[in-house]
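Inspection log for the structure reproduced underneath, given as C-alpha cells.
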Amino acid sequence: MNILILFTTFLLMEGVTWLTHKFVMHGFLWSLHSDHHYKDHDSVLEKNDWFFVIFAIPAMLLFFLGTFTLGREELAYVGGGITMYGFAYFIVHEVIIHQRIKYFTRINNFYFRAIRKAHKIHHKHLGKDEGECFGMLLVPVKYFKEALKIKN
C-alpha cells in the first residue's frame, strides 16, 4: 500500500507542478521565476531555483511527520513521492532540457524530443501572462507527434 501511495503522489505531482507553474510561478511569484525565462543572466544559479527549496519544505515536513507521528507512516511515503518527482524534475529540466549540468547531452529519443519542444514553446513567451505548456513530464500530444517526425 505504501508503494502505491509513493507512486500515486509522484504522478499527482505533475498536476501540482502544472498548477503551480501556471498560477504561482507565472502569477504572484513571477519575481522569482522571471529570470528563468531570460537567457542573459550572469549567475549559474537563478532566483527560480528557490522553487526547489519551496517544494522541498512540504516533503521534509511529511517525512518528519510520517516518521515521528505514531500511525501516520503513510505521510513519509507522500513526502517520498514529492521527493522522487523533484529528482525527476531536476534531471529532466535542469540536466536534459537546459543542460545546466553537462551530462546526458546526447539523449535523443522521442520522449525527450517532445518535452524539449514543449519547453522551448513555453520559453518563447517572455512575459508572465502569455504562456503554454506548463507541465514537465507530460506534455500535449501534439509535441509527441512532432517528436516522431524529428530524427536529429
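From the list 93, 98, 26, the lone residue that is under 15 Å from the mean Cα position of the chain (by Cα), at pLDDT below 95 and closer than 17 Å to residue 128 by Cα is 26.
For the subset of region 98-150 comprising residues that are assigned to a helix (DSSP H, G or I) and aromatic (Phe, Trp, Tyr), which member is surrounded by the most Cβ atoms within 10 Å (Cβ to Cβ)?
The first filter runs over region 98-150 and keeps only residues assigned to a helix (DSSP H, G or I), leaving 110-123, 141-149.
Filter once more, so that each one left must be aromatic (Phe, Trp, Tyr): 110-112, 143-144.
On the way: 110: 13, 111: 14, 112: 15, 143: 20, 144: 17.
Among those residues, the one meeting the criterion is 143.
Any residue in region 1-14 that is in contact (Cβ under 8 Å) with a residue 12 or more places away in the chain sitting within a Cβ distance under 6 Å of a residue that is outside any helix (DSSP H, G or I) and among the hydrophobic types (A, V, I, L, M, F, W, C)? List the pairs, counting only those 6 or more apart or interchain. So the pair list comes out as 14/137; 14/138. Can you confirm whether region 107-118 contains a residue that is among the polar types (S, T, N, Q) and either in contact (Cβ under 8 Å) with a residue 60 or more places away in the chain or touching a helix residue (DSSP H, G or I) at 6+ places or on another chain (Cβ under 9 Å) (or both)? For region 107-118, residues among the polar types (S, T, N, Q) and either in contact (Cβ under 8 Å) with a residue 60 or more places away in the chain or touching a helix residue (DSSP H, G or I) at 6+ places or on another chain (Cβ under 9 Å) (or both): present. If I filter region 65-80 for residues that are within 18 Å of residue 13 (Cβ to Cβ), within 15 Å of the chain's Cα centre (by Cα) and not acidic (Asp, Glu), do I get at least one hit? There is no residue in region 65-80 that is within 18 Å of residue 13 (Cβ to Cβ), within 15 Å of the chain's Cα centre (by Cα) and not acidic (Asp, Glu). Among the residues of region 102-118, those identified as among the β-branched types (Val, Ile, Thr) and either modelled with pLDDT of 80 or more or touching a Phe, Trp or Tyr at 6+ places or on another chain (Cβ under 7 Å) (or both) are 107, 115.
For (1) loosely packed, with under 13 Cβ neighbours inside 10 Å; (2) touching a Pro at 6+ places or on another chain (Cβ under 6 Å); (3) under 14 Å from residue 84 (Cβ atoms), each residue gets a yes or a no:
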{"site": "4", "(1), (2), (3)": "yes, no, yes"}
{"site": "15", "(1), (2), (3)": "yes, no, no"}
{"site": "23", "(1), (2), (3)": "yes, no, no"}
{"site": "36", "(1), (2), (3)": "no, no, no"}
{"site": "53", "(1), (2), (3)": "yes, no, no"}
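The values are calculated or read from the model by the stated rules, or taken from the named source; none is laboratory data. Predicted model only: the values in this text are computed from it and were never measured. Ideal geometry is used to build each Cβ from the backbone, glycine not excepted, and the neighbour counts take in all protein chains shown.
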